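A.B. asks: One structure, as structure tokens, below. Some questions next.
Every read-out reported here was derived from the displayed coordinates using simple, explicitly stated rules and does not represent laboratory data. As the structure is a computational prediction, the values presented were derived from the model and not from experiment. No Cβ is skipped: glycine too gets one built from the backbone with ideal geometry, and neighbour counts run over all protein chains shown.
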Amino acid sequence: MGNIQFKFENKSVVVTGGAAGIGFDITKSFLHAGAEVHVWDYSETALKAADQELSSFKGKVHFSQVDVTNRGSVTAACEKLGKPFHVLINNAGITRDKSFGKMGPEDWDAVINTNLTGLFNVTKLAMEKFDPSAPKRIINISSVVGLYGNFGQTNYAAAKAGVIGMTKTLAKELGRKGFTVNAVAPGFIKTAMTMAMPDEVLKQMAGKVPVNRLGETSDIANACMYLAADEASYINGTVLSVDGGIVL
Ligand code: NDP
């Protein structure tokens with residue numbers, strides 16, 4: 001779990017995909033730093049497990065089953081927010097990896113709809129729910145793949161590069177309105193999915209990273225907390241690579 005000592009008391013945070021993997025670490029980190037957190041996730045199983053694990057934060061953490069690709073579902077979650085909020089972490093994402101020759105339109109559509117249009121839906125529909133009288137933060141989770149491409153991930157790389165374009169444009173448009181908008185680009189991060197790979201493969205992956213290890217979910221959560229903090233108010237439109245230097 002992230003443990004930067006920023007204080008988020010009196011702040012309210014929305015985390016999409018916040019019940020599993022990187023998003024769950026982001027959720028826990030903000031809760032421990034005093035924030036109220038709204039977890040919007042698609043997976044019923046992950047939501048239930050997260051609710052159980054976070055039972056000591058009753059009243060501070062709120063769970064909604066939300067599909068970011070479905071505008072009706074996002075609108076319903078926005079209406080449930082009640083009070084204005086301050087930080088939006090657009091984290092929900094999926095992969096449907098195949099070489100371009102084998103990639104079907106359904107693989108393309110699923111990834112673009114979730115990883116790019118999902119950000120449009122959530123950001124657009126939640127815009128009115130930000131606290132008008134406080135600093136506002138949008139943090140979009142991209143990927144190193146959005147910067148450099150990757151074999152078998154045409155759909156994912158296109159979506160994650162799109163997230164970067166969207167981040168920079170929103171940073172320009174919304175800066176005057178009290179927002180900062182930034183992206184975080186994770187490298188190889190240890191999640192349930194990566195940890196299911198054979199040890200040998202994991203070792204090889206780590207060996208390609210200049211700091212010689214895979215990233216922890218807390219590395220991403222820490223970056224999000226920093227960008228969300230009042231102390232980061234002059235950082236706008238940046239892409240923060242959190243990848244141990246893999247792309248160098
Ligand atoms: P996980 O699959 O572990 O968690 C993502 C969560 O988002 C899951 O609970 C998932 O539900 C949910 N989700 C999927 N689709 C939707 C949707 N339409 N609406 C709402 N929630 C949804 O992913 P990671 O933690 O690995 O990844 C988080 C983010 O970080 C993603 O944007 C990913 O692209 C990015 N990233 C991850 C890296 C890594 O190494 N793990 C590296 C670089 C970037 P369900 O399980 O039902 O799909």
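A.B. asks: Towards the positive end of the charge dipole of the range 1-78, with charges on Cβ (+1 Lys, Arg; -1 Asp, Glu), say which of F6, T45, V74 has the farthest Cα.
C.D. replies: Result: F6, furthest along the dipole toward the positive end.
A.B. asks: A further question follows. Over the range 30-113, calculate the relative contact order: mean separation of alpha carbon pairs under 8 Å at least 6 apart, over the residue count, as a percent.
C.D. replies: Rounded, it is 24 percent for the range 30-113.
A.B. asks: Still on this model: Could you list the trypsin sites (Lys or Arg not before Pro) in the range 177-248 that lie in coil according to DSSP, counting only those with at most 10 other Cβ atoms within 10 Å of their Cβ?
C.D. replies: Answer in residue order: no site qualifies.
A.B. asks: A follow-up question, please. How long is the gain from E128 to E200 if the chain were fully straight, where each residue apart is worth 0.36 nm and the alpha carbon distance is subtracted? Could the numbers behind the result be given before it?
C.D. replies: Details: separation 72, 0.36 × 72 = 25.92 nm, distance 4.84 nm.
Full extension from E128 to E200 adds 21.1 nm.
A.B. asks: Next question. Please work out the C-alpha center-to-center distance from the range 126-195 to the range 75-115 and express it in whole Å.
C.D. replies: About 11 Å separates the Cα centre of the range 126-195 from the one of the range 75-115.
A.B. asks: Compare the Cα positions of A232, H32, N140 along the charge dipole of the chain (+1 at Cβ of Lys, Arg; -1 at Cβ of Asp, Glu; about the Cα centre) and return the one farthest towards the positive end.
C.D. replies: Sorting the options by dipole projection puts first A232.
A.B. asks: Further question: Quick one: length gained pulling E106 to I94 fully straight, 0.36 nm per residue minus the C-alpha distance?
C.D. replies: Additional length available on full extension: 3.0 nm.
A.B. asks: Sticking with this structure for a sec: Note down the relative contact order for the chain as a percent, whole number, built from C-alpha pairs under 8 angstrom at least six residues apart.
C.D. replies: 21
A.B. asks: For the range 1-86, state which trypsin sites (Lys or Arg not before Pro) are in a DSSP loop and have at most 11 other beta carbons lying within 10 Å of their beta carbon.
C.D. replies: On the way: sites: K7, K11, K28, K48, K58, K60, R71, K80; in loops: K7, K11, K60.
The qualifying sites are K7.
A.B. asks: Within the chain, which is the longest segment containing none of the chymotrypsin sites (Phe, Trp or Tyr not before Pro) that sit in a DSSP loop and have at most 16 other Cβ atoms within 10 Å? Write down the numbers at each step before the final one.
C.D. replies: On the way: sites that count: F100, F151, Y234.
My reading of the result: 1-99 is the longest stretch.
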